[in-house]
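Have a look at the structure below before the remarks.
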Amino acid sequence: MVFARGRRRVAMAVAALVGAGAVAVVVHRVLAPAEVDTPARAGYPAAVTPAVGVVGRLPVAPLIVDGRLRVYAATRQVYADQPADARYRVTPYWSYRRWPAEVSGVVAEGTTVVSRWSDGKLVALDARTGRVDWEADGPTPVEGWTTRRTGAGAVWDPPGLFLSRAADGRPVLVVSGADGVRGIALADGRQLWSAGVDGGCRADVATTSAGQFVAVDRCAGPTTLEFRDVATGAQTTRWAPPGATAELAVTPVGCVSHRSRCRGLRTTGPADGAGRGWLVGAGSPVAAPALDPAGSELDGERVVAVADGAVTGRAARTGEEMWRRADLGPALIIAAQPGRVHLLTEANDLVTLDPSSGAERSRFSLDVGRDGIGWAPGLAYAGGGYVAVERLREPVDPDADDQRYFLMSEPVVLAAT
């Protein structure tokens, strides 16, 4: 009997060890850092020429890539679907996940999609296949996933990610964090330069069409704008607009994509009223009075603005009026892309104008099915001829949870202009 009890104790001890080992394996598999790359199984889709009008509605915010794909971000995933003009979100074309890091932001240039993660990792994916092209270490972002459930803040306004081109045409990615900023070669992920900065007293602005990275520096002495060459990181210019104070705010305008390759800036301080507009090039900014009004947009050296019930096009440097439209009623410029400026009317019609002439490229109601037009615009995006807008429930409550804040479960309306 003693021998039998001893065997039972040994068996129970072995079973306990086996169980603990199994639990350890499961815990390791669940909690260990991991990357899951699910590449495309189908061929790269052809570019589409969508019919002008509302394309459809989506639960999440799309980034149009190469005119063929829509790229989205989730807390720990970047994924794509296709075609770009699909009415609804469909089965992913490819997907990339990481754990436990969170997505901070996503940008795309050509067929390269770069995601930034909360641990500072940069991962470039080939949009044609979904496979990893390169990985690099960047400065750690201040925060990870901070956007609402549409993911618009990560793909339409990615914090600390800026696309640019060097003087020789090479694409460059500028990445900033709490304690540094780096230049990364978009082609292969090589670090081109690195600069230590104090993120507590600096504010990123944009990259310019002349290949410079702009930031507001409040760290020592008078508030100034700091310009760095995107290829070398060298400071090229330090400039302060007249009357600049610590409260100086700077808005980029005339950008190829969000805050990237911009042709102008609008500076605003406590005493400026609407602000002051500037064209940016190789040297110091040049005054552009037509850009002074808040909400005005820049295309080349033409400024489109809405005031007193009319939309006007003016020469940026002189303010000379080039065209006027007084037939749209109350309207708001919600987005712009090269060669197109997009306005939303009081009745939620999307009107796209040619900035050079004011000619109407398209006009239609941003209504999907029976959703109606009783909503307020949230974040908006324009790229590749498309426009996407978040629809918010009225009255808008910025402190509400997502269910109350958004109009419905598919709040993003996508249109082709």
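The values are calculated or read from the model by the stated rules, or taken from the named source; none is laboratory data. Keep in mind the model is a prediction, meaning the values are calculated, not measured. FYI the Cβ positions are ideal-geometry reconstructions off the backbone, even for glycines, and counts take in every protein chain you see. With ligands, DNA and RNA removed, areas are computed over all heavy atoms of the protein, side chains included. Shrake-Rupley method; radii C 1.70, N 1.55, O 1.52, S 1.80 Å.
Of everything listed in (1) under 22 Å from the mean Cα position of the chain (by Cα); (2) crowded, with 21+ Cβ neighbours inside 10 Å, the single unmet condition for Leu291 is (1). What's the total number of residues in region 383-409 that are of a type in the set (Gly, Ala, Ser) and within 15 Å of Val60 (Cα to Cα)? So the count comes out to 2. Step by step: first the residues of region 218-260, then only those that are among the charged types (D, E, K, R) and open to solvent by 20 Å² or more (accessible area, probe 1.4 Å), then the one that is nearest to the chain's Cα centre (by Cα). Which residue is that? In this case the residue turns out to be Arg259. Considering each residue of region 77-90 in turn, at least one proves to be under 16 Å from the mean Cα position of the chain (by Cα), surrounded by 20 or more Cβ atoms within 10 Å (Cβ to Cβ), touching a residue at least 40 places away in the same chain (Cβ under 8 Å) and farther than 27 Å from Gly169 by Cα. In a residue-by-residue description of region 156-165, the property of being touching a residue at least 24 places away in the same chain (Cβ under 8 Å), open to solvent by 30 Å² or more (accessible area, probe 1.4 Å) and farther than 24 Å from Cys219 by Cα applies to at least one position.
Table: residues versus (1) open to solvent by 40 Å² or more (accessible area, probe 1.4 Å); (2) in contact (Cβ under 8 Å) with a residue 60 or more places away in the chain; (3) assigned to a strand (DSSP E or B).
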site: Phe364; (1), (2), (3): no, yes, yes
site: Val368; (1), (2), (3): no, yes, no
site: Tyr381; (1), (2), (3): no, yes, yes
site: Arg391; (1), (2), (3): no, no, yes
site: Val396; (1), (2), (3): yes, no, no
site: Ala400; (1), (2), (3): no, no, no
site: Gln403; (1), (2), (3): yes, no, no
site: Ser409; (1), (2), (3): yes, yes, no
site: Leu414; (1), (2), (3): no, yes, yes
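Whether a residue is open to solvent by less than 50 Å² (accessible area, probe 1.4 Å) and assigned to a strand (DSSP E or B) was assessed, and Val311 passes this test. Put simply, of Val90, Val107, Val78 the only residue that is among the β-branched types (Val, Ile, Thr), modelled with pLDDT of 95 or more, touching a strand residue (DSSP E or B) at 6+ places or on another chain (Cβ under 7 Å) and part of a loop (DSSP other than H, G, I, E, B) is Val90. Considering (1) more than 21 Å from Ser296 (Cα to Cα); (2) assigned to a strand (DSSP E or B); (3) not basic (Lys, Arg), the lone condition that Ala206 does not fulfil carries the number (1).
Looking only at region 198-217, filter to residues that are surrounded by fewer than 19 Cβ atoms within 10 Å (Cβ to Cβ) and among the hydrophobic types (A, V, I, L, M, F, W, C); which one of those is nearest to Pro159 (Cα to Cα)? By that ranking, first place goes to Ala203. Only one entry of Val142, Val123, Val132 meets the criterion of being surrounded by 20 or more Cβ atoms within 10 Å (Cβ to Cβ) and among the β-branched types (Val, Ile, Thr), and that entry is Val123.
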